[in-house]
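Asks: What follows is a structure written as structure tokens; I'll ask about it next.
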Amino acid sequence: MRKVVLKMDVSLDGFVAKPNGDLDWIFGNFNDELKACLVDTLRQADTHIMGRVAYNDMADHWPFSTEVFAPPMNEIPKVVFSKTLKEANWNRSRVVSGDIKEEISRLKQQPGKYILAHG
């Protein structure tokens, strides 16, 4: 059975984002070693899962990015959980509006690498 792994950027003291959602604190601390580790983490998954807000933010960025993270983000299939989003235009994305628990259980039963949840 495949595992679901949460990828969430959070500081040691629990900080995630500024009140306006700004995440600039994360990206200023990346060095080559950390970038390589994160790209490897992305590549080890064969499915990305996320909610509508994360999807919208990423779909506005990754298809146009030249960053080292862009290829795995664009190439690996994505499942978006949303009751309001009707279609996903980002490459290899699909929307699931049904029961999240059922869909994740179904995904876990499929052969493959782990499922990376973006939070």
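Here, each number is a calculation from the coordinates, and none is a lab measurement. Just so you know, these numbers come straight off a predicted model, no measurement behind them. Here the Cβ positions follow ideal geometry from the backbone for every residue, glycine too, while neighbour counts run over all protein chains shown.
Asks: What is the magnitude of the charge dipole of segment 70-119 about its Cα centre, with +1 placed on the Cβ of each Lys and Arg, -1 on the Cβ of each Asp and Glu, and no other charges, expressed in debye to the nearest 20?
Replies: 40
Asks: Here's another thing I want to ask about it. Within a Cβ distance under 12 Å of GLN44, other residues only, what is the Lys/Arg minus Asp/Glu net charge? Present the calculation step by step, with values, prior to reporting the outcome.
Replies: Values: positive: ARG2, LYS3, LYS7, ARG43, LYS113; negative: ASP40, ASP46.
Cβ neighbours under 12 Å give a net charge of +3.
Asks: Quick check on the chain: helices-only [θ] at 222 nm, where DSSP H runs of length 4 and up contribute -39,500 (n - 2.57) each and the sum goes over total residues. Nearest 500, please.
Replies: -10000 deg cm²/dmol
Asks: Placing +1 at every Lys and Arg Cβ and -1 at every Asp and Glu Cβ, with all other atoms neutral, what dipole size does the chain have around its Cα centre, in debye to the nearest 20?
Replies: 660
Asks: Ok, one more. Considering only lysines 8 or more places apart in sequence, or on different chains, count the pairs in segment 1-97 whose C-alpha atoms sit under 18 Å apart.
Replies: 4
Asks: Where Rh denotes the Kirkwood radius from the mean inverse Cα pair distance, what is Rg over Rh for the chain?
Replies: Values: Rg = 14.6 Å, Rh = 15.3 Å.
Over the Cα atoms of the chain, Rg/Rh equals 0.95.
Asks: Taking the Cβ of VAL80 as the centre, find all other residues whose Cβ is under 12 Å away and add up their charges (Lys, Arg: +1; Asp, Glu: -1).
Replies: It works out to a net charge of +3.
Asks: A further question follows. Positive end of the dipole of the chain, charges at C-beta (+1 Lys, Arg; -1 Asp, Glu), about the Cα centre: which of LEU34, SER105, HIS61 has its Cα farthest in that direction?
Replies: SER105
Asks: Let me ask you something else. Can you list residues whose amide H is under 5 Å from ALA88's amide H, if they're 5+ apart or on another chain and H is modeled 1.01 Å from N?
Replies: Amide H to amide H, under 5 Å and 5 or more residues apart or across chains, ALA88 pairs with VAL95.
Asks: What's the local net charge at SER65, with K and R +1, D and E -1, over the other residues with C-beta under 14 Å away? Don't skip to the answer; put the middle values down first.
Replies: Details: positive: LYS35; negative: ASP57, ASP60, GLU67, GLU75.
Its environment carries a net charge of -3.
Asks: Please say if segment 49-119 is rounded, prolate or oblate, where rounded means a/c under 1.5 for a ≥ b ≥ c the square roots of the C-alpha gyration tensor eigenvalues, and otherwise the choice is prolate for a/b larger than b/c and oblate otherwise?
Replies: Because a/c hits 1.5 or more and a/b fails to exceed b/c, segment 49-119 counts as oblate.
Asks: Still on this model: Counting other Cβ atoms within 10 Å, which GluC sites (Glu not before Pro) in segment 67-98 have at most 12 and lie in a DSSP loop?
Replies: GLU87
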